[in-house]
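Engineer: Starting off with a structure, shown below.
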Amino acid sequence: MKKISEGLFKDKYQRYKDAVIGVLKSRGISALTLGHYLDEYCRDFFADNMSAEDCAASIAEDMIAKEKATVSEAMRIMREHGYRVKPYKK
């Protein structure tokens, strides 16, 4: 049985991960704050042979959705405790 060198795979994966981090940086997102979450996304998208831009876009969209959910939850709790909460308008 022929052994496969994992060195090539790791180099290719690391280049992919670095590309995702670069795209995230260009969008103003720090990869350091993502931690293991970044690795999970990169592994899945790398295995599915998706582009680094698609991976970074998915991470960014998920982060925005989580932030909105957190704000919505905070507003709900404040309303339950009798505070008047006005939506933020730009």
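The values are calculated or read from the model by the stated rules, or taken from the named source; none is laboratory data. Keep in mind it's a predicted model, so treat the numbers as computed, not measured. So basically every Cβ, Gly included, is an ideal-geometry build from the backbone, and we count neighbours across all protein chains shown. Surface areas here come from the heavy atoms of the whole protein model, side chains and all, with no ligands, DNA or RNA. Shrake-Rupley method; radii C 1.70, N 1.55, O 1.52, S 1.80 Å.
Engineer: Within the set of pairs 6+ apart or on separate chains, which have a first residue in the stretch 17-35 that is closer than 23 Å to residue 48 by Cα, a second that is among the hydroxyl-bearing types (Ser, Thr, Tyr), and C-beta atoms under 9 Å apart?
Structural biologist: Listed pairs, sorted by first residue: 19/51; 20/41; 24/30; 34/41.
Engineer: Just to check your reading of the model, which residue among 72, 51, 58 is open to solvent by less than 80 Å² (accessible area, probe 1.4 Å), under 12 Å from the mean Cα position of the chain (by Cα) and either more than 22 Å from residue 25 (Cβ to Cβ) or among the polar types (S, T, N, Q) (or both)?
Structural biologist: 58
Engineer: Continuing with this model, one more query. Hey, among the residues in the stretch 75-90 that are in a helix (DSSP H, G or I) and open to solvent by 90 Å² or more (accessible area, probe 1.4 Å), which one's farthest from residue 22 (Cα to Cα)?
Structural biologist: In this case the residue turns out to be 80.
Engineer: Consider residue 73 against the criteria (1) farther than 23 Å from residue 12 by Cα; (2) in contact (Cβ under 8 Å) with a residue 12 or more places away in the chain: it satisfies all of them except one. Which criterion is unmet?
Structural biologist: Going through the list (1) farther than 23 Å from residue 12 by Cα; (2) in contact (Cβ under 8 Å) with a residue 12 or more places away in the chain, residue 73 breaks only (2).
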